[in-house]
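Chemist: For reference, the structure I am asking about is given below.
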Amino acid sequence: MLDQPLVILDVETTGANPVYDRVTEVGLIEVECGRRVAEWSTLVNPGTRIPPAIQSLTGITDDMVALAPSLAEIAQHLLGRLEGKLLVAHNARFDYGFLRNEFRRAGLRYSSRVLCTVKLSRRLFPHESRHNLDALMARHGLACESRHRALGDARVVWLLVDRWRREIAPGTVASAVDALVRAPAVPAGLAEGALDDIPEMPGVYLFYGENGAVLYVGKSINLRSRVLAHFAGDHRDARDMKIAQQVKRVDWIETAGELGALIEESRLVKKLAPVYNRRLRRAAELCAWHWRVEEMLDPPRLVNADDLARVRFDDLHGLFRSRSAALEALREIATAHQLCPIVLGLERGKGPCFAHQLKRCRGACVGKETRAQHALRLGAALAQLRMRPWPFKGRIGVLENDAARGEIIVLDRWCYLGTVRSEAELGELQGGCPPAVFDLDTYKILTRFFARPRGDYTVIELAA
């Protein structure tokens with residue numbers, strides 16, 4: 001490991017998300033031929049306020065960074081110190097993600113082999129359960145004069161690396177490092193460097209084969225790590241092996257956050273029908289049972305996808321991929337609750353239904369039970385299938401936390417209407433938007449998304 005040029009680095013930041021948060025301090029140690037040859041550190045003006053909890057943890061305050069350079073101002077100098085060297089960091093994905101995003105904002109490209117000392121510690125000491133920096137300092141008897149400051153933490157990592165080099169068999173360390181920093185296997189059909197520019201951003205990626213055929217569409221909150229995982233080399237997934245053998249081009253679409261990626265993936269899978277994606281049914285095949293308490297004596301009515309977006313969601317029960325699936329579900333409900341198939345519209349005729357003859361109907365068809373009593377039992381049975389009501393007053397926009405992208409996802413009654421990037425585009429969408437078409441996959445995406453407590457998006461009411 002120490003036979004090659006290293007840079008041991010740590011960054012302090014305004015938060016934990018490399019897309020939305022910013023660097024406040026950089027500290028690094030340069031190592032050549034196993035010797036520490038240089039140290040360098042600087043505070044960085046993040047261009048935003050540092051949360052009080054972060055100030056308390058690191059000791060870096062807004063006043064301290066007020067006159068510090070921005071990362072864009074030091075980017076060229078920092079890049080010169082990093083280029084051509086193995087990047088070593090504790091929880092390296094965090095530091096590397098922040099570096100790549102900060103360099104990207106500065107208009108520079110940075111890509112490096114990376115060694116994470118958390119992962120290295122796990123390989124060297126598999127019997128130990130804790131590998132955070134404080135645990136390693138206690139285990140190895142190391143001290144840090146300025147914990148949670150960039151250069152102080154980088155110095156601790158250097159002491160750990162140097163100690164492992166001296167106290168553990170060289171072959172053991174070498175094999176562990178080799179396994180961790182091995183360059184991702186680039187499929188033979190891709191040009192050299194084809195994966196270098198994939199960002200560590202949320203979005204959708206597409207794999208293309210011969211003649212532009214779409215092989216696969218996927219999504220991730222970190223495009224780079226997800227795409228590289230497909231080509232990790234072990235091919236535990238047979239699908240990944242086939243993709244690696246056939247892929248000729250990789251493309252990607254960045255989004256402001258997870259919701260945009262989920263919706264775009266679903267849309268592209270339906271539109272492009274990739275070879276290796278699970279085939280999604282088109283919205284036109286969907287249907288649901290419509291039944292209202294106000295019209296309780298009428299049988300449930302089956303409505304198709306075109307009508308789903310026009311009726312009250314409180315009156316819809318179940319979502320089915322086909323008419324036959326919907327009918328089968330209603331028959332099962334009838335059997336389980338001794339409801340009458342004739343009253344439900346599942347059978348034609350007068351007099352006792354066949355289920356009543358088998359003593360599986362309480363007799364609404366022959367007057368043993370009033371229609372009102374039957375309707376009340378039907379309502380209770382259908383309640384378990386009732387669709388979730390739209391939790392907003394009307395049309396909304398969702399602004400995910402990468403506000404700098406300015407993307408607003410426009411939604412109404414569980415339907416995706418489009419993504420806009422300006423007030424003019426929003427006006428065009430509001431004025432000329434075609435009728436919303438209900439889509440089951442979008443409904444599932446949105447119900448899961450809004451059900452989880454989270455703080456990475458803002459809802460803008462557009463109903464007015």
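The values are calculated or read from the model by the stated rules, or taken from the named source; none is laboratory data. Predicted model, so just to flag it, every value in this text is computed and none were measured. In this analysis, Cβ positions are derived from the backbone assuming ideal geometry, glycine residues included, and neighbour counts consider all displayed protein chains. For accessibility, only protein heavy atoms count, side chains too; no ligands or nucleic acids. Shrake-Rupley method; radii C 1.70, N 1.55, O 1.52, S 1.80 Å.
Chemist: When only residues in the stretch 382-394 that are in a loop (DSSP other than H, G, I, E, B) and not aliphatic (A, V, I, L, M) count, which is least open to solvent (accessible area, probe 1.4 Å)?
Modeler: Taking the candidates together, the pick is Gly394.
Chemist: Restricting the search to the stretch 54-63, which residues are among the hydrophobic types (A, V, I, L, M, F, W, C) and either in contact with a Phe, Trp or Tyr (Cβ under 8 Å, 6 or more places away or on another chain) or assigned to a helix (DSSP H, G or I) (or both)?
Modeler: Answer for the stretch 54-63, where residues must be among the hydrophobic types (A, V, I, L, M, F, W, C) and either in contact with a Phe, Trp or Tyr (Cβ under 8 Å, 6 or more places away or on another chain) or assigned to a helix (DSSP H, G or I) (or both): Ile54, Leu57.
Chemist: Give the stretch 28-59 a look and list any residue that's buried (at least 22 other Cβ atoms within 10 Å of the Cβ) and under 30 Å from Arg165 (Cβ atoms), or say none.
Modeler: Leu28, Ile29, Val31
Chemist: Quick test of your reading of the structure: Val269 fulfils all but one of (1) touching a Leu at 6+ places or on another chain (Cβ under 8 Å); (2) over 30 Å from Arg104 (Cβ atoms); (3) assigned to a helix (DSSP H, G or I); (4) among the hydrophobic types (A, V, I, L, M, F, W, C). Name the failing condition by number.
Modeler: Among (1) touching a Leu at 6+ places or on another chain (Cβ under 8 Å); (2) over 30 Å from Arg104 (Cβ atoms); (3) assigned to a helix (DSSP H, G or I); (4) among the hydrophobic types (A, V, I, L, M, F, W, C), the lone unmet condition for Val269 is (2).
Chemist: Restricting the search to the stretch 93-113, which residues are hydrophobic (A, V, I, L, M, F, W, C), under 23 Å from the mean Cα position of the chain (by Cα) and surrounded by fewer than 20 Cβ atoms within 10 Å (Cβ to Cβ)?
Modeler: Once the filter is applied, which keeps residues that are hydrophobic (A, V, I, L, M, F, W, C), under 23 Å from the mean Cα position of the chain (by Cα) and surrounded by fewer than 20 Cβ atoms within 10 Å (Cβ to Cβ), the stretch 93-113 yields only Phe94.
Chemist: While we're looking at this one, here's another question. Name the pairs whose Cβ atoms lie under 8 Å apart, with the first residue in the stretch 157-185 and within 30 Å of Asp197 (Cα to Cα), the second assigned to a helix (DSSP H, G or I) and open to solvent by 70 Å² or more (accessible area, probe 1.4 Å), and 6 or more positions between them or separate chains?
Modeler: Pairs found: Ala176/Arg123; Ala179/Arg123; Leu180/Lys119; Leu180/Arg123.
Chemist: Something else: When Gly351 is evaluated against the numbered criteria (1) open to solvent by 80 Å² or more (accessible area, probe 1.4 Å); (2) assigned to a loop (DSSP other than H, G, I, E, B), which criterion, by number, is the only one it fails?
Modeler: (1)
Chemist: Can I ask one more? Just give me the residues in the stretch 281-333 being closer than 20 Å to His374 by Cα, touching a helix residue (DSSP H, G or I) at 6+ places or on another chain (Cβ under 8 Å) and part of a helix (DSSP H, G or I), in sequence order.
Modeler: The answer is Val293, Ala329, Ile333.
Chemist: Please list, ordered by first then second residue, the pairs with beta carbon atoms under 8 Å, 6 or more apart or interchain, first in the stretch 262-285 and at pLDDT below 95, second polar (S, T, N, Q).
Modeler: Pairs that qualify, where the first residue is at pLDDT below 95 and the partner is polar (S, T, N, Q), are Ser266/Thr442; Val269/Asn277; Leu280/Ser266; Ala284/Asn304; Glu285/Ser322.
Chemist: Right, here's the next one. For Ala75, indicate whether it is more than 17 Å from Leu151 (Cα to Cα), of a type in the set (A, V, I, L, M, F, W, C) and out of contact with any Gly (no Cβ under 9 Å at 6 or more places or on another chain).
Modeler: Considered against the rule, which asks whether it is more than 17 Å from Leu151 (Cα to Cα), of a type in the set (A, V, I, L, M, F, W, C) and out of contact with any Gly (no Cβ under 9 Å at 6 or more places or on another chain), Ala75 comes out as no.
Chemist: State whether one or more residues within the stretch 30-53 are assigned to a helix (DSSP H, G or I) and not basic (Lys, Arg).
Modeler: Looking for residues that are assigned to a helix (DSSP H, G or I) and not basic (Lys, Arg), one finds at least one in the stretch 30-53, hence yes.
Chemist: Anything in the stretch 375-430 that is polar (S, T, N, Q) and in contact (Cβ under 8 Å) with a residue 40 or more places away in the chain? List them, or say none.
Modeler: Result: Asn401, Thr419.
Chemist: Which of the residues spanning the stretch 237-247 are part of a loop (DSSP other than H, G, I, E, B) and touching a strand residue (DSSP E or B) at 6+ places or on another chain (Cβ under 6 Å)?
Modeler: Listed by number, the list holds a single entry, Val247.
Chemist: Would you say Pro184 is modelled with pLDDT of 90 or more and under 25 Å from Val19 (Cβ atoms)?
Modeler: no
Chemist: So, of the residues in the stretch 13-24 that are out of contact with any Lys or Arg (no Cβ under 7 Å at 6 or more places or on another chain) and in a strand (DSSP E or B), which turns out to be nearest to Ser111 (Cα to Cα)?
Modeler: Kept after step one, since they are out of contact with any Lys or Arg (no Cβ under 7 Å at 6 or more places or on another chain), are these residues of the stretch 13-24: 15-24.
From what's left, in a strand (DSSP E or B): 23-24.
Values: Val23: 18, Thr24: 21 Å.
Filtering first and then ranking leaves Val23.
Chemist: A further question on this structure: Quick one: is Val7 part of a strand (DSSP E or B) and within 26 Å of Glu254 (Cα to Cα)?
Modeler: It is false that Val7 is part of a strand (DSSP E or B) and within 26 Å of Glu254 (Cα to Cα).
Chemist: While we're on this one: Only one of Gly379, Gly397 is part of a strand (DSSP E or B), on the phi < 0 side of the Ramachandran plot, out of contact with any Pro (no Cβ under 8 Å at 6 or more places or on another chain) and modelled with pLDDT of 90 or more. Can you tell me which?
Modeler: Matching residue, one of Gly379, Gly397: Gly397.
Chemist: Something else about it: Among the residues of the stretch 323-347, how many are touching a residue at least 40 places away in the same chain (Cβ under 8 Å) and either within 18 Å of Cys415 (Cβ to Cβ) or in contact with a Lys or Arg (Cβ under 9 Å, 6 or more places away or on another chain) (or both)?
Modeler: Of the residues in that region, 5 qualify.
Chemist: Taking Ala424 as the residue in question, decide whether it is open to solvent by less than 70 Å² (accessible area, probe 1.4 Å) and assigned to a loop (DSSP other than H, G, I, E, B).
Modeler: no
Chemist: Whether any residue in the stretch 122-133 is free of Cβ contacts under 8 Å to residues at least 24 places away in the same chain, more than 30 Å from Ala194 (Cβ to Cβ) and among the hydrophobic types (A, V, I, L, M, F, W, C) is what I want to check.
Modeler: Within the stretch 122-133, one or more residues are free of Cβ contacts under 8 Å to residues at least 24 places away in the same chain, more than 30 Å from Ala194 (Cβ to Cβ) and among the hydrophobic types (A, V, I, L, M, F, W, C).
Chemist: Being over 20 Å from Val11 (Cα atoms), touching a strand residue (DSSP E or B) at 6+ places or on another chain (Cβ under 9 Å) and open to solvent by less than 20 Å² (accessible area, probe 1.4 Å) narrows it down to one of Gly203, Gly152, Gly189, so name that one.
Modeler: Gly203
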